[in-house]
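Have a look at the structure below, then the notes.
The values are calculated or read from the model by the stated rules, or taken from the named source; none is laboratory data. This one's a predicted model, so the numbers in the text were calculated from it and none came from an experiment. All Cβ positions, even for glycine, are placed from backbone atoms using ideal geometry, and neighbour counts span all protein chains on display. What goes into the accessible areas is simple: the full protein's heavy atoms, side chains included, and nothing from ligands, DNA or RNA. Shrake-Rupley method; radii C 1.70, N 1.55, O 1.52, S 1.80 Å.
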Amino acid sequence: MKLGVVGLPNVGKSTLFNAITKAGAQSANYPFCTIEPNVGIVDVYDPRLEVLGKIYNTKKITPAQIEFVDIAGLVKGASEGLGLGNKFLSHIKEVDAIVHVVRCFKDEKIIHVEGSVDPIRDIDTINIELILADIETVTKRLSRVEKLARQNTEHTIVHEKELLEIILKRLSDQKPARSIDFNDEDQKIVDGFFLITSKPILYVANISDIPSKEQDEMVEEVTKIAEKEGAEIISLCARLEEELISLPDDERLEFMKELNMDTTGLDKLVVASYKLLGLISYLTAGEKEVRAWTIKRGTLAPQAAGKIHTDFEKGFIRAEIVKYADLVACGDFNMAKEKGKMISAGKDYEMKDGDVTLFKFNV
């Protein structure tokens, strides 16, 4: 999973990136501090892996991972090349989802590119630039497809032209492509257009660690926008998260306890990202390795096996599955099997989050 972190300059993008990846991305109080996109790979914390590791006395624990891409601050006119423009819009096309950081706090020491803090205006600025970038993409593609359609009337070309026209109309109304409800077959075609506004959005309301009514009102404004768009939203203090991540584990836990924090911003971000993209994790466990495998919700057993190796999917026979809670209660896989807690799953079995799985295959 690759997430692109976007937002206006000085909203806290690089600070958040520092906090969640420990990558030390440059952060400063002026626009366009981030020039080339910083990339960080983060492990997804999953306490189930530690428990399974103890049960199996495993030599290696491998969590799922998320790739974060810190994309340079966009400004009004970015789609026309202003600021650092199109170069950075192209980076967004490569991600699975967009993490849009929105500033919801006031601080005279931290300048705002527009001169004031206004979450609704800031969100509109970014969204319009992404829509304008997609209009350019769709217009160019439509021009090529129209020429092909005049020469070749086959259904696929004509249908692609129709889909592009539908998208262009929606974009021209300043609405994102993801707001169009395509059927599954058409959505596969649309996915091939690699439109920025087709990607799901997770809004991150970046707040101060000092509560205020004004700040709460700004977060509420972002929440209403997210709900209207069907997007996800979380709020966190990027500066505080950056401070927390710099502490040793024991000090961090103690500090979080003092602040009445039961989870980190990264954990909140991961949970929201998984929900946004419809992802789950199934688990494999043994003495050599305990591992989490990320798949789409609804993935069938053979395709889940293919995540490990293509031969597992090609020669799939069945999957032996024990629910995580049952395995922990029974003590190990064999005991769970003896107690009738194991499922022998065939090719039509839909994988569930936390399935501890042993695949049987023959190649």
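A compact table of results
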quantity	calculated
Segment residue 275-residue 59, length gained on full extension (0.36 nm per residue, minus Cα span)	74.7 nm
Charge tally in the Cβ shell below 10 Å around residue 4, where Lys, Arg are +1 and Asp, Glu are -1, residue 4 excluded	-1
Accessible solvent surface per residue of the chain, calculated while the other protein chains remain in place, 1.4 angstrom probe, Å²	52
Sum of side-chain charges, residue 362 neighbourhood, beta-carbon under 15 Å (Lys, Arg +1; Asp, Glu -1)	+1
For segment 200-336, with +1 on Lys and Arg beta carbons and -1 on Asp and Glu, the positive-most of 304, 329, 292 along the dipole	304
Gap separating the Cα centres of segment 334-363 and segment 154-211, nearest whole Å	37
Relative contact order for the chain, counting Cα pairs under 8 Å that sit 6 or more residues apart, in percent	18
Calculated FRET efficiency for the pair residue 253/residue 338, C-beta based, R₀ 41 Å, to 0.05	0.60
Positive minus negative residues near residue 325 (Lys, Arg vs Asp, Glu; Cβ under 10 Å)	+2
Range of Cα positions in segment 201-306 per principal axis (Å), largest first	52, 40, 17
Cα-Cα over 24 Å, subset of 268/307; 140/307; 199/224; 109/213; 175/199; 59/307	268/307; 140/307
All-pairs Cα distance distribution in the chain, expressed in whole percent, bin size 10 Å	5, 20, 27, 23, 17, 7, 1, 0
